[in-house]
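Below is one structure, written out as structure tokens; the observations come after it.
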Amino acid sequence: MVNGVGVLISGSGSNLNAIIKNGINIKFVVSNNPNAYGLDIAKNANIPSFCYKSLQELEKNVYKLHKEYNTKLLVLAGFMRLLSKSFIELMPDNHIINIHPSLLPKFKGAHAIEQALQENVNHTGVTVHFVDEGMDTGPIIIQEEVEIAKKDTPDTLHKKVQKVEHRLYSYAIKYLLN
Ligand code: GRF
């Protein structure tokens, strides 16, 4: 089938789950973390899944899988490692995308939700962007705002942000594939 994607994960895989449920054609899932719950989600959906703890091994095998399945996008869904410059250059242009829980360039890195709350701003959001060698720095594809209520905690804000992520990522992937 045409228009297949590969997905990289490290953790709970709720975005992976949403992408599966939204009918994206996923050819393979790769994790750097053997305990990632997302690996179970992939297995239950009968998607070939693999784990490589070493980044070098992971990149080598993801490139092979990309060639084998002729995938059109590599989707990072909670993948917590920075991909190497050489791997990014090896892959086709505009091929690797990521989702981040803030309105980039604000609140880069792993604590975007907590940072938004600390800054006392009244909104944050979700960004889908192309991946370059920096951390959360590549060209932006789409963004959506999420309101922050006075009573929000990291937990409630995280839930609101993820609700948007689960819809926005599939929308962006379908847009890019077509
Ligand atoms: C998401 O919030 C995403 O924005 C960030 O990592 C989190 C992954 O969550 N890059 P999950 O593993 O998809 O549940």
Note to self: with every protein chain in place and a 1.4 Å probe, the chain gives an accessible area per residue in Å² of 53
Distribution output for the chain: share of Cα-Cα pairs per 5 Å bin in percent, first bin at 0, values 1, 8, 18, 21, 21, 16, 8, 4, 1, 0
Among F87, F79, F28, the residue with the largest mean-square fluctuation in a Gaussian network model of the chain built from Cα contacts under 10 Å is F87
Only helices counted: for the chain, with every DSSP H run of 4 or more residues adding -39500 (n - 2.57) and the sum spread over all residues, [θ] at 222 nm is -11500 deg cm²/dmol
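I want the antiparallel fraction of DSSP beta bridges within the chain, as a percent rounded to 5.
Details: 11 of 26 bridges.
Here the antiparallel bridges make up roughly 40 percent for the chain.
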So, relative contact order of the range 1-156 in percent, Cα under 8 Å, 6 or more apart, is 19
Karplus-derived 3J(HN,Hα) from phi for the range 45-54 (6.51 cos²θ - 1.76 cosθ + 1.60, θ = phi - 60°), whole Hz, x at Gly and Pro, runs 9, 6, 9, x, 9, 9, 9, 9, 6, 7
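So if each residue of separation counts as 0.36 nm, and I subtract the Cα-Cα distance between E119 and N22, what length gain in nm does that give?
Details: separation 97, 0.36 × 97 = 34.92 nm, distance 3.38 nm.
Stretched out fully, the E119 to N22 stretch lengthens by 31.5 nm.
On a full-extension model of 0.36 nm per residue, what is the gain between N61 and T156, subtracting their alpha-carbon distance, rounded to one decimal in nm?
Working: separation 95, 0.36 × 95 = 34.20 nm, distance 3.71 nm.
That works out to 30.5 nm of additional length.
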Once amide hydrogens are built 1.01 Å from N within the peptide plane, the residues lying 5 or more places from L73 or on another chain with amide H under 5 Å from its amide H are G6
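The values are calculated or read from the model by the stated rules, or taken from the named source; none is laboratory data. Predicted model only: the values in this text are computed from it and were never measured. Areas reflect the complete protein model, heavy atoms only, side chains present, ligands, DNA and RNA absent. Shrake-Rupley method; radii C 1.70, N 1.55, O 1.52, S 1.80 Å.
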